[in-house]
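One structure is given below, encoded as structure tokens.
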Amino acid sequence: MNCASQTFFTGARGGPPTYEMLREEHEVAVLGAPQSSAPVATTVINIRSETSVPDHVVWSLFNTLFMNWCCLGFVAFAYSVKARDRKMVGDITGAQSYASTAKCLNIWALVLGLLLIIAFIIVCTTGSLVIFQAVLQLIQDYRGY
């Protein structure tokens with residue numbers, strides 16, 4: 001008996017092969033790959049090449065919650081929702097118009113909000129420095145008495 005011509009199979013757990021495993025390997029070897037005699041049906045899906053319209057809802061929500069100067073963030077959020085509604089209906093022109101308005105309002109809300117934050121920091125810093133100097137002056141004035 002020649003050892004080179006013998007094939008040894010091991011099971012999934014490293015043990016001896018089962019009858020089912022050997023039978024399946026024999027069927028695959030004899031029959032080959034599964035073939036179907038039925039005709040193959042294809043389906044074609046036409047996707048319109050629409051331009052993607054950003055609706056800026058997340059940006060508007062951020063401006064509504066954090067930088068709602070003169071309610072610009074809330075108005076931008078309303079326009080963003082309108083843009084999303086128009087996009088869902090299929091009105092691309094209307095969606096672009098509402099999205100453009102929402103973007104403009106978001107830019108203004110962001111710029112005004114940042115300017116107000118910077119102005120607030122400057123006022124607080126200079127105010128605390130003025131108060132600190134006034135307290136120092138009072139301390140120096142009362143030391144003389």
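The table that follows gives values for the structure above.
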quantity: Computed E for MET88/THR42 - FRET, C-beta separation, R0 35 angstrom, nearest 0.05; calculated: 0.70
quantity: Whole-number accessible area per residue in Å² for the stretch 96-145, which is evaluated in the context of all protein chains at 1.4 Å; calculated: 80 Å²
quantity: In nm, spacing of pseudo-spin labels at PHE120 and ASP141 (7 Å Cα→C-beta vector); calculated: 3.3 nm
quantity: Over the stretch 43-145, relative contact order from alpha-carbon pairs under 8 Å, at least 6 apart, %; calculated: 25 percent
quantity: Estimated dipole of the stretch 84-145 in Debye, rounded to 20 [Cβ of Lys and Arg +1, of Asp and Glu -1, Cα centre]; calculated: 200 debye
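The values are calculated or read from the model by the stated rules, or taken from the named source; none is laboratory data. All of these numbers come straight from a predicted model, not from anything done at the bench. Note: ideal-geometry Cβ built from the backbone for every residue, glycine included; neighbour counts use all protein chains shown. Accessible surface areas use protein heavy atoms only, side chains included; no ligands, DNA or RNA. Shrake-Rupley method; radii C 1.70, N 1.55, O 1.52, S 1.80 Å.
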